[in-house]
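Below: the structure, in structure tokens.
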Amino acid sequence: MGATIITLGAQRALQTVQARPALDANSLAHFVDPLPIPPIARPSGVHPSPADPTIKVPLYRIEMREFETKLHRDLKPTRQWGYGSSAPGPTFETRSGEGLMVEWVNSLPSKHFLPIDHNLHGAEAGNPEVRAVVHVHGAKTPPDSDGYPENWIVPGQSALSYYPNDQDAAMLWYHDHAMGINRLNIFAGLIGAFIVREEVEAGFNLPGGKYEIPLIIYDRMLDRNSQLYYPVSANPASPWITEFFGDAMLVNGKIFPYLEVEPRKYRFRVLNGANGRFFHLSLANRQTFHQIGTDTGLLPSPIELSSLLLAPAERADLVVDFAGHSGEAIALKSDALDLMQFRVSRGQPHDTSSLPTKLRPINRIAESESVKTRILTLTERDDLVGNAAMMLLNGTRWSMPITENPVINTVEIWNLINLTDDAHPIHLHLVRFLILDRRRFDIFEYQTSKTLRYMGPAVPPEPSEAGWKDTARANPGMVTRIIMRFEGYTGRYVWHCHMLEHEDNEMMRPYEVVASAKEASNDVVAPAQEWCVNGRLQIRENR
Ligand code: C2O
Ligand code: CU
């Protein structure tokens, strides 16, 4: 068994971003375009359910296409890729327990228009440039329909996926997941909302119909020709960058849009669809709002917030009441940045909706139910030439054998030990989880002796994350503990960081839900060994 020793720099990668021919998005007029509402996806027929062929389920046909749309009044049309003819694509509306099928059709061109890095796993020069595979994020989906990153299709091909929707009401979302170019495909526009509804919600009398609106928020950069601009590193042979942050803030596909609202309650289904940016949301007039749900379900009761932090891929189900604000223009901000504006009309509010005091109880999973506690590190390292960092989960790359193989219907606790300087939003496919707590630890001691020495008390999740989650921030220098039951299906899934630049460069691992503990033991590999020399972390990969 050979071993490679790689030095892990504590410093950031020695990487610079090339000077760019970019447009200063903040020079664009703010709040001049109305907020688009993505169309609702319509089935084109029915199909026998894979779970029970005597039942027919709706069949959708969604084409991935290239098109041009105006992102802002004062820009020329921008080339984008999307599902259907908009980015974000059409919103799926479905009900819990009602399965549906989608034929995902790759009708994209055969050349990519964004900078592929052929050094990344899956994006090697011999592979087709344009590859796509759809994942419904937050969905409990059989493995062959889950959008495994290597199950991509090329232009001219299509894939049929089955979504049983056997889960609680929540706003999920769908996006591309192709190995090694995921960040570029999503950046190009391959993203959309997927709403699962349930009878129980009707009883809550929440704002609905035109008073319920998805807000899909992300940032982009544009060049002076109004085209999407994805920056590259200083090394032309390896254009990958560690993180993307843009200055153009888009909501539902428009830059700094506005929405005319009535002085009443609205339900906003908010998604952070950014590659890497965390949004810290607040309303410019400092009014509070209520959160009624997290990523994959409703909260036990609404919580009142004046601001809300959302990492990439996280969602929040919000109720905002504009009553008492007739005639005001209220910006939705992320810290000091404008995202969009609400223009409250004058006149008498008509609001028969309510904000219930109780929503849906959460059956918490007892820690005593856990049959396995995993210790999983998040690390960052430079490659041997020191020009591009790489982030790893548990010191293992994508292509190494599976190390996480939970047994179906069992409970596990995962300790995410973040040894980097960044918060990483960690996402597991298939399951929903609860955050148990976060706890500061001595990084140096962990690196030198592999001992976890805590430096403070365990801190419970914030109220805004104390519900069902599929993505959680693993904060730097902390152990974040999550607990989940591996329900639904056996088979191969993935877990990864949802900063798309990290995910594309090895911060993603396959995992496998197995039928019995016997199977689980077959596939175990010794994780990389890590130790410290002169304050720098060393990793020995066992291959
Ligand atoms: Cu949002 Cu692996 O996905
Ligand atoms: Cu990350």
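The values are calculated or read from the model by the stated rules, or taken from the named source; none is laboratory data. Remember, predicted model here, so these are calculated numbers, not experimental data. Every residue, glycine among them, receives a Cβ derived from its backbone with ideal geometry; neighbour counts consider all protein chains shown. Surface areas here come from the heavy atoms of the whole protein model, side chains and all, with no ligands, DNA or RNA. Shrake-Rupley method; radii C 1.70, N 1.55, O 1.52, S 1.80 Å.
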Report summary line: Non-local residues with an amide H under 5 Å from the amide H of Leu299, with H modelled 1.01 Å from N and Pro and chain starts lacking one, are Gly293, Thr294, Arg360
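Sort the following peptides by mean Cβ neighbour count (other Cβ atoms within 10 Å, averaged over residues), highest first: 344-357, 402-415, 182-195, 251-264.
182-195, 251-264, 402-415, 344-357
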Query raised in the report: Got a sec? What order do Arg364, Arg492, Arg439 fall in by accessible area at 1.4 Å, biggest, i.e. largest, first?
Result: Arg364, Arg492, Arg439
**Report entry** Area accessible to solvent at His325, 1.4 Å probe radius, in Å²
**Finding:** 40 Å²
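How large is the charge dipole for the chain, taken about the Cα centre, if only the Cβ atoms of Lys, Arg (+1) and Asp, Glu (-1) carry charge, to the nearest 20 debye? Each step should come with its number before you reach the end.
Details: 53 positive and 63 negative charges, 87 e Å.
Once rounded to the nearest 20, the dipole reads 420 debye.
Just to be sure I understand: if I project the alpha-carbon convex hull of segment 211-344 onto a plane and average over all orientations, what area do I get in nm²? It would help to have the intermediate numbers written out before the result.
Working: hull surface 37.6 nm².
Projected area, direction-averaged: 9.4 nm².
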Query raised in the report: Calculated from DSSP H runs of 4 or more alone, at -39500 (n - 2.57) each and per residue, what is the 222 nm mean residue ellipticity of the chain, nearest 500?
Result: -1000 deg cm²/dmol
Report task. With a/c under 1.5 counting as rounded, go ahead and sort segment 331-371 into rounded, prolate or oblate using the C-alpha gyration tensor (a ≥ b ≥ c being the square roots of the eigenvalues; past the cut-off, prolate if a/b is larger than b/c, else oblate). Result -> oblate
Query - Karplus-derived 3J(HN,Hα), 6.51/-1.76/1.60, for each residue of segment 99-116, Hz, glycine and proline x - result: x, 8, 10, 10, 8, 8, 10, 8, 10, 6, x, 8, 10, 7, 9, 10, x, 6
Query raised in the report: If you roll a 1.4 Å probe over the heavy atoms of the protein chains, what accessible area per residue do you get for segment 29-202, in Å²?
Result: 36 Å²
Requested in this report: Set Lys and Arg Cβ to +1 and Asp and Glu Cβ to -1, take the dipole of the chain about its Cα centre, and tell me which of Met391, Ser464, His498 lies farthest positive.
Outcome: Ser464
**Report entry** Antiparallel DSSP beta bridges within segment 211-344, percent to nearest 5
**Finding:** 75 percent
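Taking the mean number of other Cβ atoms within 10 Å as a proxy for protection, how do you rank 418-424, 47-53 from highest to lowest?
Result, highest mean Cβ count within 10 Å first: 418-424, 47-53.
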Requested in this report: Would you tell me the accessible area of Ser306, worked out with a 1.4 angstrom probe on the heavy atoms of the protein chains, in Å² to the nearest 10?
Outcome: 70 Å²
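Could you rank the peptides 455-461, 103-109, 473-479, 175-181 by their average count of other C-beta atoms within 10 Å per residue, with the highest value first?
Ranked from most to least packed, the peptides come out as 175-181, 473-479, 103-109, 455-461.
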Requested in this report: Please work out the Kirkwood hydrodynamic radius for segment 29-202, using every pair of different C-alpha atoms, and report it in angstroms with one decimal place.
Outcome: 17.0 Å
Report task. With a 1.4 Å probe and every protein chain left in place, work out the accessible area per residue of segment 240-312 in Å², rounded to a whole number. Result -> 24 Å²
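What does the charge add up to near Ile408, with Lys and Arg as +1, Asp and Glu as -1, over the other residues with Cβ less than 12 Å from its Cβ?
Numbers: positive: Arg485; negative: Glu412, Glu487, Glu512, Glu519.
In short, -3.
Quantify, in whole percent, the carbon and sulfur part of the accessible surface of segment 311-377 (1.4 Å probe; protein heavy atoms only).
Values: 1690 of 3370 Å².
With neighbouring chains kept in place, the figure for segment 311-377 is 50 percent.
Can you give the net charge of the other residues whose Cβ lies under 11 Å from the Cβ of Gly84, counting K and R as +1 and D and E as -1? It would help to have the intermediate numbers written out before the result.
Numbers: positive: Arg42, Arg61, Arg65; negative: Glu63.
Taking every Cβ under 11 Å from that of Gly84, the sum is +2.
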Query raised in the report: Considering only DSSP beta bridges whose two residues both sit in the chain, what percent are antiparallel, to the nearest 5?
Result: 80 percent
Report summary line: Here the chain gives, from Cα atoms, an Rg and Dmax in Å of 22.7, 75
**Report entry** Per-residue ³J(HN,Hα) for segment 296-310, Karplus 6.51 cos²θ - 1.76 cosθ + 1.60, θ = phi - 60°, Hz, x for Gly and Pro
**Finding:** 10, x, 7, 7, x, 8, x, 10, 8, 10, 9, 8, 8, 9, 10
Query - Amide N proximity, segment 111-147 versus Ser399 label position 7 Å along Cα-to-Cβ, cut-off under 15 Å - result: 118-127
**Report entry** Exposure of Asp33 as accessible area (Å², to 10), given a probe of 1.4 Å and all protein chains
**Finding:** 10 Å²
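Compute the signed sum of charges (Lys and Arg +1, Asp and Glu -1) over the other residues within less than 11 Å, Cβ to Cβ, of Glu314. Can you show the working numbers first?
Details: positive: Arg315, Lys469, Arg473; negative: Asp295, Glu465, Asp470.
Here the count lands on 0.
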Report task. Please tell me the relative contact order of the chain in percent, rounded to the nearest whole number, where contacts are Cα pairs under 8 Å and at least six residues apart. Result -> 16 percent
Query raised in the report: Mean projection of the alpha-carbon convex hull of segment 110-247 over all orientations, in nm²?
Result: 11.1 nm²
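If DNA, RNA and ligands are ignored and the probe is 1.4 Å, what is the ranking of Lys140, Lys76, Lys210 by accessible area, most exposed first?
Working: Lys140 50, Lys76 105, Lys210 140 Å².
So the residues, ranked largest to smallest area, are Lys210, Lys76, Lys140.
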Query raised in the report: Could you give me the ³J(HN,Hα) list for segment 318-332, computed from phi with Karplus coefficients 6.51, -1.76, 1.60 and θ = phi - 60°, whole Hz, x at Gly and Pro?
Result: 10, 10, 10, 9, 8, 4, x, 10, 3, x, 8, 10, 10, 7, 8
